[in-house]
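Here is the structure we will look at.
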Amino acid sequence: RITCTETDPDVVRVAQRFFAAELDSNLAVHIQDARRFLERPRSSPLYDLIFIDASDGKGKFPARLNTIEFFAICKANMIGDGVLAFNLHDNDRQYFDKVATLCAAFRFVSILPVKGGHASILFASNGEFDPTRAIIRKADESDRIHGACCPLGEHARRLRTVHEIITCQSALRSATILTDRRIRN
């Protein structure tokens, strides 16, 4: 089951009309800010995966979805070994601040550079397992079941933990942990 939030109802209408998105018991879309949705009193089950892709298309993300407090809200809505996936543009001036904030909020953070693009997908988890190996195993399983039209296993093998990427280490030492108090929007 997939639960989405979207602030623009036109996006939902476009998805239904041009991408055959069917809203039903397996796909629910809430027209609401993602943070406000996750802050609600929880009566629904916890999530296995929370994917944050809130860019305006030019690489700008709402600042309130990048803070240590927001990531704590995400963790409160996830199962114990759940995964947060976070889309991040490489040209973002706060790239390393956001990576450092994820590292401060979660035990494991891995980065998947998008081939030929200017973005990365970060995966964060507090699970008691090696999330990179678990993601590769699940990607290989998906390829076996669904075919390799989009070879997830190949993509998963490009995952690296933040600590494996030498260029990240010096940048992270001087990075700032983002907090709600430091943002303006």
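Could you tell me which of the pairs LYS75/LYS115; LYS98/LYS138; LYS115/LYS138 are separated by over 22 angstrom between their Cα atoms in the structure shown?
Pairs exceeding 22 Å: LYS75/LYS115; LYS98/LYS138.
So the label point goes 7 Å from the Cα of HIS30 along Cα→C-beta, right? Which residues of region 83-106 then have their backbone N under 20 Å from it?
The answer is 83-87, whose backbone nitrogens lie closer than 20 Å to the label point.
Run the numbers for VAL11 and ARG173: contour at 0.36 nm per residue of separation, minus the present Cα-Cα distance, in nm.
Net length gain for the segment: 54.4 nm.
Once neighbouring chains are kept in place and the probe is 1.4 Å, which whole percent of the accessible area of the chain is contributed by carbon and sulfur?
Looking at the chain in its full context, I get 54 percent from C and S.
Could you give the longest part of the chain that holds none of the chymotrypsin sites (Phe, Trp or Tyr not before Pro) found in DSSP loops with at most 12 neighbouring Cβ atoms within 10 Å?
20-128
Of ALA104, ALA134, ALA15, which has the largest mean-square fluctuation in a 10 Å C-alpha GNM of the chain?
Top of the fluctuation ranking is ALA15.
Using the Kirkwood radius over C-alpha pairs as Rh, can you work out the diffusion coefficient of region 34-91 via Stokes-Einstein at 10 °C, viscosity 1.306 mPa s, in µm² per second?
Answer, rounded: 130 µm²/s.
The list [x] 63, 40, 31; [y] 46, 44, 33; [z] 62, 49, 38 gives values of Cα extents along the principal axes in Å, and only one came from this structure; which label was calculated from it?
[y]
Taking a probe of 1.4 Å, how large is the accessible area per residue of the chain, in Å²?
Accessible surface, normalised per residue, equals 61 Å².
The values are calculated or read from the model by the stated rules, or taken from the named source; none is laboratory data. The shown structure was predicted, so the numbers you read here are calculated from the model rather than taken from an experiment. Please note: Cβ atoms are built from the backbone with ideal geometry, for glycine as well, and neighbour counts cover all protein chains shown. Protein only, heavy atoms only, side chains kept; ligands, DNA and RNA dropped before computing areas. Shrake-Rupley method; radii C 1.70, N 1.55, O 1.52, S 1.80 Å.
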